[in-house]
Amino acid sequence: INSLLVSEYISSLKDVWQPGTRHIAFRAIRTFTYWYEDFTDGEYHSPCHKLRAPKLPKNKKPTVDLETFRQLLSGCEGKTRHRDKALLMFAFDSAMRMNEIRELNIKDVNLMSGRIEILHGKGDKYGVTYISSPTLKALRAYLKTRRKISESDPLFTTFFEQRISVNGLTSILSRIQKRAGIDVHGFHSFRRGFGTEFIRNGGDLSTLQKIY
(Lines give C-alpha, C1' and ligand atoms only; values in the text may rest on other atoms or scores of the structure.)
Protein backbone atom coordinates (compact mmCIF):
# COMPACT_ATOMS: atom_id res chain seq x y z
CA ILE A 1 0.00 0.00 0.00
CA ASN A 2 1.66 3.23 -1.13
CA SER A 3 0.53 6.87 -1.17
CA LEU A 4 -0.46 6.76 -4.85
CA LEU A 5 -2.71 3.75 -4.29
CA VAL A 6 -4.43 5.38 -1.29
CA SER A 7 -4.90 8.67 -3.20
CA GLU A 8 -6.41 6.89 -6.21
CA TYR A 9 -8.73 4.86 -4.01
CA ILE A 10 -10.04 7.88 -2.07
CA SER A 11 -10.42 9.80 -5.33
CA SER A 12 -12.45 6.94 -6.85
CA LEU A 13 -15.02 7.30 -4.06
CA LYS A 14 -16.07 10.82 -5.11
CA ASP A 15 -18.90 9.55 -7.31
CA VAL A 16 -20.06 6.99 -4.74
CA TRP A 17 -19.76 8.42 -1.22
CA GLN A 18 -20.39 11.73 0.49
CA PRO A 19 -17.35 13.76 1.72
CA GLY A 20 -17.91 12.67 5.33
CA THR A 21 -17.90 8.99 4.39
CA ARG A 22 -14.74 9.41 2.28
CA HIS A 23 -13.13 11.11 5.27
CA ILE A 24 -14.00 8.10 7.44
CA ALA A 25 -12.55 5.73 4.81
CA PHE A 26 -9.27 7.63 4.78
CA ARG A 27 -9.09 7.63 8.59
CA ALA A 28 -9.63 3.85 8.63
CA ILE A 29 -6.73 3.33 6.21
CA ARG A 30 -4.54 5.75 8.15
CA THR A 31 -5.30 4.04 11.48
CA PHE A 32 -4.52 0.61 10.04
CA THR A 33 -1.24 1.65 8.40
CA TYR A 34 -0.14 3.58 11.51
CA TRP A 35 -0.84 0.48 13.57
CA TYR A 36 1.20 -1.68 11.19
CA GLU A 37 4.03 0.84 11.27
CA ASP A 38 4.10 0.52 15.05
CA PHE A 39 3.72 -3.27 14.86
CA THR A 40 6.82 -3.57 12.67
CA ASP A 41 8.82 -1.14 14.85
CA GLY A 42 9.13 1.30 11.97
CA GLU A 43 10.28 -1.15 9.30
CA TYR A 44 7.08 -0.31 7.45
CA HIS A 45 6.39 3.40 6.86
CA SER A 46 2.76 4.47 6.48
CA PRO A 47 2.05 6.30 3.20
CA CYS A 48 -0.55 8.40 5.03
CA HIS A 49 2.20 10.57 6.52
CA LYS A 50 2.44 12.21 3.10
CA LEU A 51 -1.33 12.54 2.56
CA ARG A 52 -4.05 14.83 3.83
CA ALA A 53 -7.50 13.66 4.75
CA PRO A 54 -10.30 14.64 2.33
CA LYS A 55 -11.79 18.03 3.16
CA LEU A 56 -15.09 18.08 5.00
CA PRO A 57 -17.79 20.53 3.90
CA LYS A 58 -18.29 23.47 6.23
CA ASN A 59 -22.02 23.71 5.57
CA LYS A 60 -24.35 22.73 8.38
CA LYS A 61 -26.00 19.32 8.11
CA PRO A 62 -29.74 19.55 7.37
CA THR A 63 -32.10 19.06 10.27
CA VAL A 64 -35.84 19.27 10.88
CA ASP A 65 -37.40 21.68 13.38
CA LEU A 66 -40.88 21.24 14.83
CA GLU A 67 -42.53 23.74 12.50
CA THR A 68 -41.08 22.02 9.43
CA PHE A 69 -42.10 18.64 10.82
CA ARG A 70 -45.71 19.78 11.33
CA GLN A 71 -45.76 20.99 7.74
CA LEU A 72 -44.40 17.64 6.61
CA LEU A 73 -47.23 15.79 8.38
CA SER A 74 -49.70 17.68 6.20
CA GLY A 75 -48.42 15.58 3.30
CA CYS A 76 -49.77 12.36 4.86
CA GLU A 77 -52.81 11.75 2.68
CA GLY A 78 -54.72 8.95 1.01
CA LYS A 79 -55.15 5.30 1.95
CA THR A 80 -51.80 5.10 3.76
CA ARG A 81 -52.18 8.36 5.73
CA HIS A 82 -52.39 6.60 9.11
CA ARG A 83 -49.24 4.60 8.44
CA ASP A 84 -47.35 7.55 7.02
CA LYS A 85 -48.21 9.83 9.95
CA ALA A 86 -47.29 7.15 12.50
CA LEU A 87 -44.05 6.39 10.64
CA LEU A 88 -42.89 10.02 10.54
CA MET A 89 -43.81 10.69 14.16
CA PHE A 90 -42.09 7.47 15.19
CA ALA A 91 -38.89 8.38 13.31
CA PHE A 92 -38.73 11.89 14.76
CA ASP A 93 -39.69 10.88 18.30
CA SER A 94 -37.51 7.79 18.69
CA ALA A 95 -34.31 9.07 17.00
CA MET A 96 -33.92 5.60 15.50
CA ARG A 97 -32.10 4.95 12.24
CA MET A 98 -34.10 4.07 9.15
CA ASN A 99 -32.94 0.44 9.04
CA GLU A 100 -33.61 0.01 12.78
CA ILE A 101 -37.21 1.17 12.22
CA ARG A 102 -37.85 -1.14 9.27
CA GLU A 103 -36.57 -4.17 11.21
CA LEU A 104 -38.91 -3.64 14.18
CA ASN A 105 -41.69 -6.11 14.86
CA ILE A 106 -44.86 -5.26 16.77
CA LYS A 107 -43.64 -7.18 19.82
CA ASP A 108 -40.60 -4.90 20.07
CA VAL A 109 -42.79 -1.93 21.01
CA ASN A 110 -44.75 -1.66 24.27
CA LEU A 111 -47.95 0.01 23.06
CA MET A 112 -48.79 1.16 26.59
CA SER A 113 -45.51 2.56 27.91
CA GLY A 114 -43.84 3.48 24.60
CA ARG A 115 -40.72 1.43 25.40
CA ILE A 116 -38.91 0.14 22.30
CA GLU A 117 -36.34 -2.65 22.17
CA ILE A 118 -33.79 -2.24 19.39
CA LEU A 119 -32.50 -5.77 18.86
CA HIS A 120 -30.11 -5.01 16.03
CA GLY A 121 -28.88 -1.43 16.25
CA LYS A 122 -25.75 0.02 14.68
CA GLY A 123 -22.92 -2.51 15.07
CA ASP A 124 -25.60 -5.13 15.87
CA LYS A 125 -25.95 -3.64 19.36
CA TYR A 126 -28.99 -3.95 21.60
CA GLY A 127 -30.65 -0.74 22.76
CA VAL A 128 -33.77 0.75 24.33
CA THR A 129 -35.56 4.00 23.54
CA TYR A 130 -39.02 5.51 24.09
CA ILE A 131 -41.72 7.35 22.18
CA SER A 132 -44.22 9.88 23.53
CA SER A 133 -47.98 9.57 24.03
CA PRO A 134 -48.92 11.41 20.79
CA THR A 135 -46.72 9.06 18.78
CA LEU A 136 -48.17 6.03 20.56
CA LYS A 137 -51.67 7.28 19.75
CA ALA A 138 -50.78 7.65 16.06
CA LEU A 139 -49.15 4.19 16.07
CA ARG A 140 -52.19 2.51 17.64
CA ALA A 141 -54.47 4.26 15.14
CA TYR A 142 -52.34 2.90 12.30
CA LEU A 143 -52.26 -0.67 13.65
CA LYS A 144 -56.08 -0.66 13.82
CA THR A 145 -56.13 -0.23 10.03
CA ARG A 146 -54.14 -3.44 9.50
CA ARG A 147 -56.26 -6.41 8.47
CA LYS A 148 -54.80 -9.09 10.72
CA ILE A 149 -51.77 -8.70 12.92
CA SER A 150 -49.66 -10.76 15.32
CA GLU A 151 -46.78 -9.79 17.60
CA SER A 152 -44.24 -11.25 15.18
CA ASP A 153 -45.43 -9.10 12.26
CA PRO A 154 -43.41 -6.08 11.07
CA LEU A 155 -44.33 -2.84 12.81
CA PHE A 156 -44.52 -0.87 9.55
CA THR A 157 -45.58 -2.53 6.31
CA THR A 158 -46.35 -1.84 2.67
CA PHE A 159 -49.95 -1.51 1.46
CA PHE A 160 -49.87 -5.30 0.98
CA GLU A 161 -48.62 -5.76 4.57
CA GLN A 162 -45.07 -6.83 3.71
CA ARG A 163 -42.03 -5.49 5.55
CA ILE A 164 -40.96 -2.18 4.02
CA SER A 165 -37.53 -2.06 2.37
CA VAL A 166 -35.06 0.80 2.85
CA ASN A 167 -35.87 1.99 -0.68
CA GLY A 168 -39.55 1.76 0.19
CA LEU A 169 -39.09 4.04 3.21
CA THR A 170 -37.18 6.52 1.06
CA SER A 171 -39.99 6.48 -1.54
CA ILE A 172 -42.64 7.04 1.15
CA LEU A 173 -40.79 10.09 2.48
CA SER A 174 -40.25 11.40 -1.04
CA ARG A 175 -43.99 11.27 -1.81
CA ILE A 176 -44.91 12.94 1.48
CA GLN A 177 -42.35 15.70 0.92
CA LYS A 178 -43.70 16.38 -2.54
CA ARG A 179 -47.28 16.71 -1.28
CA ALA A 180 -46.19 18.93 1.63
CA GLY A 181 -44.03 21.10 -0.64
CA ILE A 182 -40.82 20.78 1.39
CA ASP A 183 -37.56 18.82 1.39
CA VAL A 184 -36.23 17.44 4.69
CA HIS A 185 -33.14 15.71 3.21
CA GLY A 186 -33.96 12.15 4.25
CA PHE A 187 -34.75 10.22 7.43
CA HIS A 188 -31.45 11.06 9.09
CA SER A 189 -32.51 14.68 9.41
CA PHE A 190 -35.15 13.48 11.90
CA ARG A 191 -32.35 12.22 14.18
CA ARG A 192 -30.68 15.61 14.05
CA GLY A 193 -34.03 17.28 14.71
CA PHE A 194 -34.55 15.03 17.73
CA GLY A 195 -31.11 15.96 19.07
CA THR A 196 -31.81 19.68 18.66
CA GLU A 197 -35.16 19.46 20.46
CA PHE A 198 -33.68 17.25 23.18
CA ILE A 199 -31.01 19.81 24.05
CA ARG A 200 -33.46 22.71 23.66
CA ASN A 201 -35.78 21.10 26.22
CA GLY A 202 -33.11 20.66 28.88
CA GLY A 203 -31.43 17.40 27.89
CA ASP A 204 -27.69 17.00 28.40
CA LEU A 205 -25.09 15.92 25.86
CA SER A 206 -23.96 12.79 27.73
CA THR A 207 -27.52 11.40 27.77
CA LEU A 208 -27.99 12.33 24.11
CA GLN A 209 -24.84 10.41 23.19
CA LYS A 210 -26.21 7.31 24.92
CA ILE A 211 -29.48 7.62 23.00
CA TYR A 212 -27.63 8.03 19.70
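May I ask you to compute the full-extension gain from Lys50 to Asn105, defined as 0.36 nm times their residue separation minus their alpha-carbon distance, rounded to one decimal in nm? Don't skip to the answer; put the middle values down first.
Numbers: separation 55, 0.36 × 55 = 19.80 nm, distance 4.92 nm.
Stretched fully, the Lys50-Asn105 segment lengthens by 14.9 nm.
Could you state the number of Å between the C-alpha centres of the range 116-160 and the range 1-49?
The range 1-49 and the range 116-160 have Cα centres spaced 40 Å from each other.
Specify the longest stretch of the chain that does not include any exposed loop site, a site being one of the GluC sites (Glu not before Pro) with a non-H, G, I, E, B DSSP assignment and at most 11 other Cβ atoms within 10 Å.
Details: sites that count: Glu43, Glu151.
That would be 44-150.
Lys79: which aspartates and glutamates have alpha carbons under 14 Å from its alpha carbon, excluding same-chain residues fewer than 8 sequence positions away?
Counting by Cα, and skipping residues close in sequence, Lys79 has these aspartates and glutamates nearby: Glu161.
What is the P(r) of the chain, as percent of Cα-Cα pairs per 10 Å bin from 0?
With a bin width of 10 Å, the distribution comes to 7, 27, 28, 19, 12, 6, 1.
Probe radius 1.4 Å, ligands and nucleic acids left out: which of Asp84, Asp38, Asp93 has the largest accessible area, and how do the rest follow?
Numbers: Asp84 5, Asp38 115, Asp93 35 Å².
Correct descending sequence by accessible area is Asp38, Asp93, Asp84.
Between the helical axis of 188-200 and the dominant principal axis of the chain, each derived from Cα atoms, what acute angle in degrees is found, rounded to the nearest 10?
Here the helix axis deviates by roughly 80 degrees.
How much mean residue ellipticity at 222 nm does the chain get from its helices, if each DSSP H run of length 4 or more adds -39500 (n - 2.57) and you divide by all residues, to the nearest 500 deg cm²/dmol? Before the final figure, lay out each step's value.
On the way: 9 runs with 104 residues, N = 212.
Mean residue ellipticity at 222 nm (helix-derived): -15000 deg cm²/dmol.
For helix 133-143, report the angle its Cα long axis makes with the longest principal axis of the Cα atoms of the chain; keep it between 0 and 90° and round to the nearest 10°.
Orientation of helix 133-143: about 70 degrees from the principal axis.
Heavy-atom accessible area per residue, the range 61-189, 1.4 Å probe: how many Å²? Spell out each step's value before the answer.
Numbers: 7200 Å² over 129 residues.
Dividing the accessible area of the range 61-189 by its residue count gives 56 Å².
Quick one: grab the alpha carbon gyration tensor of the range 76-181, order the square roots of its eigenvalues as a ≥ b ≥ c, and give me rounded if a/c is under 1.5, else prolate or oblate depending on whether a/b is larger than b/c.
On the way: a/c = 1.43, a/b = 1.28, b/c = 1.12.
Rounded is the answer for the range 76-181, as its axis ratio a/c remains below 1.5.
Per 0.36 nm of contour for each residue apart, how much would the distance between Lys144 and Arg163 grow if the chain were fully extended, relative to their Cα-Cα spacing? Please list the in-between numbers first.
Numbers: separation 19, 0.36 × 19 = 6.84 nm, distance 1.70 nm.
Using 0.36 nm per residue and subtracting the Cα-Cα distance, I get 5.1 nm.
Distance cut-off 29 Å, Cα to Cα: go down the list Lys14/Lys50; Lys148/Lys178; Lys85/Lys148 and report the pairs above it. Mind dumping the intermediate values first?
Values: Lys14/Lys50 20 Å; Lys148/Lys178 31 Å; Lys85/Lys148 20 Å.
The pairs that break the limit, which is 29 Å between Cα atoms, are Lys148/Lys178.
To test your reading of the geometry: what angle, between 0 and 90 degrees and rounded to tens, separates the Cα axis of helix 3-12 from the longest principal axis of the chain?
For helix 3-12, the angle is close to 20 degrees.
For Lys125, go through the aspartates and glutamates and keep the ones whose alpha-carbon is under 13 Å away, minus same-chain ones fewer than eight residues off.
Partners found: Glu100, Glu117.
Which listed residue (Ser7, Ala25, Thr68) has the Cα farthest towards the positive end of the charge dipole for the range 1-101, taking +1 on Lys and Arg C-beta and -1 on Asp and Glu C-beta about the Cα centre?
So the residue furthest toward the plus end is Thr68.
On full extension of the chain, what length is gained from Gln71 through Leu5, given 0.36 nm per residue of separation minus the C-alpha to C-alpha distance?
Working: separation 66, 0.36 × 66 = 23.76 nm, distance 4.79 nm.
Extending this stretch completely gives an extra 19.0 nm.
The values are calculated or read from the model by the stated rules, or taken from the named source; none is laboratory data. No experiment lies behind these values; they were computed from the predicted model shown. For neighbour counting, all protein chains shown are included, and Cβ atoms are generated from backbone atoms with ideal geometry for every residue, glycine included. Note: accessible area is taken over every heavy atom of the protein model, side chains too, but ligands, DNA and RNA are not part of it. Shrake-Rupley method; radii C 1.70, N 1.55, O 1.52, S 1.80 Å.
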